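Notes for the one structure printed next.
The values are calculated or read from the model by the stated rules, or taken from the named source; none is laboratory data. Please read these numbers as outputs of a predicted model, since none were measured by experiment. In this analysis, Cβ positions are derived from the backbone assuming ideal geometry, glycine residues included, and neighbour counts consider all displayed protein chains. What goes into the accessible areas is simple: the full protein's heavy atoms, side chains included, and nothing from ligands, DNA or RNA. Shrake-Rupley method; radii C 1.70, N 1.55, O 1.52, S 1.80 Å.
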Amino acid sequence: MSARRIDLNADLGEGFGPWRMGDDAALLDIVTSANVACGFHAGDPDIMVETAAAALARGVAIGAHPGFHDLRGFGRNRIEECPRRLERDIAYQIGALQACAALAGGRVTHVKAHGALANLSNEDETVAAALARAVAGVDRRLALVVMPGLAAERAGERAGLPLVREIYADRAYAEDGTLAPRSGPGAVIHDADEAAERVARMVGEEAVFTVGGRRIPVAIETVCVHGDNPAALAMARAVRARLERAGLSLRPFAGQGAEPER
């Protein structure tokens with residue numbers, strides 16, 4: 001295990017106007033990749049540029065975090081969209097963050113879907129295909145962050161995209177390998193030490209464990225701590241410390257996001 005490297009990511013920039021969620025600055029001192037909200041479920045141009053600049057200053061990779069157009073519901077409401085419109089909405093959000101990252105002197109290296117969009121892309125092949133087409137249409141070099149073994153991974157493979165397989169520190173897993181619904185008991189984990197031990201076990205065994213006790217072998221390249229979890233900061237610290245104690249090297253999976261020299 002000592003030779004392994006792993007990434008630690010968080011969903012950031014999820015405020016709007018004067019309203020802010022979470023301690024992004026502190027989290028950026030811990031994580032190695034940041035998934036930045038692109039204006040549909042949260043975020044605005046000021047927040048996007050500022051978050052990209054703060055990530056770049058710390059050597060943290062910058063990723064786009066597109067979601068449904070759902071500010072009121074924080075992107076957690078499932079919205080029915082035709083595949084072509086969904087593809088364009090996702091591409092629009094990626095492009096917006098690319099522009100904001102460029103203003104900050106950096107570049108977007110990866111894409112990770114948010115909330116209900118992410119959940120649907122794991123379950124619905126049509127939604128997954130729209131997500132993969134949007135990413136590939138903007139830039140085939142962008143890595144797509146996916147949950148292993150589900151529809152988004154298959155769509156990304158078909159599109160020929162670089163893929164990064166992800167597990168969650170603060171979420172429980174259903175029997176099919178998707179995330180357990182947030183409304184269920186124990187679906188969201190708030191105890192930092194519990195989350196850190198779960199992550200260490202999953203990474204060590206290269207598997208996720210469901211609420212029913214099923215073991216599902218998976219590839220693991222990045223670990224997510226949700227920035228909107230009230231325990232996010234303590235959890236990120238605990239997870240990082242636990243992974244480092246296990247001998248893993250914490251590094252961005254997709255580079256630091258700086259614009260390459262020409």
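Tabulated data for the structure shown
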| item | result |
| --- | --- |
| Tail fraction, Cα-Cα pairs, the stretch 31-111, threshold 15 Å, whole percent | 53 |
| Proximal charge balance of residue 177 [Cβ under 13 Å; K/R count +1, D/E count -1] | 0 |
| Within the chain: Cβ-based charge dipole about Cα centre, in debye rounded to nearest 20 (Lys, Arg +1; Asp, Glu -1) | 480 |
| Cβ-based net charge around residue 153, under 14 Å, with every Lys or Arg adding one and every Asp or Glu removing one | -3 |
| DSSP bridge pairs, the stretch 1-121: antiparallel proportion in percent, nearest 5 | 10 |
| Expected 222 nm ellipticity per residue - DSSP helices of 4 or more, -39500 (n - 2.57), all of the chain, to 500 | -12000 deg cm²/dmol |
| Helical segments meeting 15 Å axial Cα length and Kyte-Doolittle 0.0 threshold in the chain (DSSP H) | 45-57, 83-103, 125-138, 232-245 |
| Rounded accessible area per residue of the stretch 161-262, 1.4 Å, Å² | 46 |
| Relative intensity, log₁₀ I(q)/I(0), of the stretch 101-180 from a Debye sum that treats every alpha carbon as a point, q = 0.13 Å⁻¹ | -0.39 |
| Given charges at beta-carbon only (K, R positive; D, E negative), |dipole| of the stretch 1-112 in Debye | 340 |
| Rounded to 5, the percent of DSSP beta bridges in the stretch 101-240 classed as antiparallel | 35 |
| Rounded to 5, the percent of DSSP beta bridges in the chain classed as antiparallel | 20 |
| Contact order relative to length of the chain, as percent, for alpha carbon pairs under 8 angstrom and 6 or more apart | 25 |
| Ratio of the Cα radius of gyration of the chain to 2.2 N^0.38 Å, where N counts its residues | 0.92 |
| Accessible area (Å², per residue) of the stretch 74-157, counting only protein heavy atoms and a probe of 1.4 Å | 42 |
| Long-range amide H partners of residue 36 with built H, under 5 Å | 12, 63, 64, 65 |
| Alpha-carbon centroid distance for the pair the stretch 140-205 / the stretch 122-139, whole angstrom | 17 |
